[in-house]
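Okay, structure first, notes after.
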Ligand code: FAD
Ligand code: MLT
Ligand code: ZN
């Protein structure tokens, strides 16, 4: 190990090799403080040549590498194990925008670029980069691609995978694969880009990417509406999809219990809808035409929804500040949960046609088996993606509650997900959190194929071992 540490200075400037405990500490835990690891060193390369040389050295010494972006992930993928033998490869110094191609409507960016910086650079050129999530001020595009992040604009623009046209990747051998191409069609055999997107640092290290840009909408209208049931929320979604088509850019759901928790920790973010209804839906329409056009469309659809008894109340944001306040309320649920203490997260997708039955049955089973639990259910309803999170009954210590109930609660939720032909990981990935659940969920054939890929691309198992799939 000491030999390896000594040789590191041949591939990276000494000041970017962190080995002291106090220097390594900020990189050793995830955002939720759920996973805490140890590392031999934290390395901060500044270009793909340095990444390549580091990987070659690690391969020679069989040192495991944990790639890391903003470490905002929820599944412990960017946190090393407890052995103290792995290195963290944090890409934050690789944060350059390499090119904005106006005619091609693409941006080429290094992996360590913070998502919000990328969004801002796009706006400066009159474009929209639509990937948007609560952690955008600290997560990085490499991490977004490695987890195939979703967020609040997937309904209209797709997830990180859909926005990516090309990649540069350092392989487990330390070769640099140059797939930096901004092509919307490229059927030249296996899609290597798609293999690395969503692989959570287990197949290669993403060092740069070509991402799609879109024309910047000129008008946006945001509304909060009250629904009494999930069935009417889905009927409302279908109504908006039919009437607003591609103008519908956001459709988020928050239950009464989620917003109660929000208000407990952030009283200034109380639900503006009177009485905090069972389901509050945040809807956003965006347009490239006049403000009046989209406002009129929104009002017409809401009238139809009132007449069909799909909604019982609605408030339209009168200005940008109010629209932002609606979004902040939605995004603060995660922060309210963090304030409340440890909780059990489920990031799941269910086909919209089964969502009503999923929520009714799972809620009933959960409340029956764990009286008093709080079901903090919210999420990207337009994508069928629920954050079906469980907080302990009031007054119980979350750590003690989770210790004895975590496994059976996950099993209960995941059995319901399987019944509805859903997914146990919609947008957050697998990491170390869901490693054991994945095998049963994928099925033997898919799981073996994943292992075959892992063995082929990383035969020494040095890239983020025991994350996603163990070989
Ligand atoms: P990290 O956490 O550093 O890493 C995540 C995984 O990717 C790890 O396995 C890591 O090894 C790997 N990795 C990182 N960089 C690279 C690279 N360059 N090459 C190869 N592998 C790499 N997620 C959503 O999808 N939707 C949301 O709406 C959403 N909202 C969030 C809100 C909050 C408040 C927070 C804290 C998180 C949220 N997340 C959300 C989760 C998280 O932000 C995303 O998973 C994000 O994509 C992770 O990016 P990161 O740079 O922090 O990656
Ligand atoms: C969200 O949609 O707000 C995020 O995915 C965060 C979460 O799941 O808590
Ligand atoms: Zn989410």
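Quick look at the numbers
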read-out	value
Kirkwood Rh and Cα Rg combined as Rg/Rh, the chain	0.97
Distance between the stretch 392-412 and the stretch 20-49 - C-alpha centres, whole angstrom	29
Two-decimal Rg to Rh for the stretch 208-366 - Kirkwood Rh, Cα set	0.98
Tail fraction, Cα-Cα pairs, the stretch 378-471, threshold 18 Å, whole percent	58
Label-point separation in nm, residue 328 to residue 266, each point 7 Å along Cα→Cβ	0.8
Distance histogram for the stretch 407-456 (every C-alpha pair counted, 5 angstrom bins, percent rounded to whole numbers)	5, 18, 26, 29, 13, 6, 2, 0
Protection proxy ranking, peptides 389-398, 39-48, 403-412, average beta carbon neighbours within 10 Å, highest first	39-48, 389-398, 403-412
Bins of 10 Å from zero: percent of alpha-carbon pairs in the stretch 6-46	28, 48, 20, 3
Kirkwood Rh, angstrom, the stretch 320-445 [1 / mean 1/r, Cα pairs]	15.5
Contact order normalised by residue count of the chain, Cα under 8 Å, 6+ apart, percent	15
Semi-axes of the equivalent ellipsoid for the stretch 253-305, Cα gyration tensor, largest first, Å	28, 13, 9
Exposure proxy order (Cβ contacts within 10 Å, fewest to most) of 298, 195, 115	195, 298, 115
Kirkwood hydrodynamic radius of the stretch 339-409, from inverse mean 1/r over distinct Cα pairs, in Å	12.8
Cα gyration tensor shape for the stretch 193-237, rounded if a/c is under 1.5, else prolate or oblate	oblate
Per-bin percent of Cα-Cα distances, the stretch 58-172 [10 Å]	13, 43, 30, 11, 2
Rg followed by Dmax, in Å, when the stretch 21-69 is reduced to its Cα trace	12.2, 34
22 Å tail of the calculated P(r), the stretch 121-231, as % of Cα pairs	40
Radius of gyration, Dmax [the stretch 11-120; alpha carbons; angstrom]	15.2, 49
Relative contact order computed over the stretch 69-151 (Cα-Cα under 8 Å; 6+ residues apart), in percent	30
The stretch 416-471, relative contact order in percent, only Cα pairs under 8 angstrom and at least six apart counted	41
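Each value in this text was obtained by applying a stated rule to the coordinates, not by laboratory testing. This structure is a prediction, so every number in the text was calculated from the model and none was measured. Glycine gets a Cβ as well: all are built from the backbone with ideal geometry, and neighbour counts include every protein chain shown.
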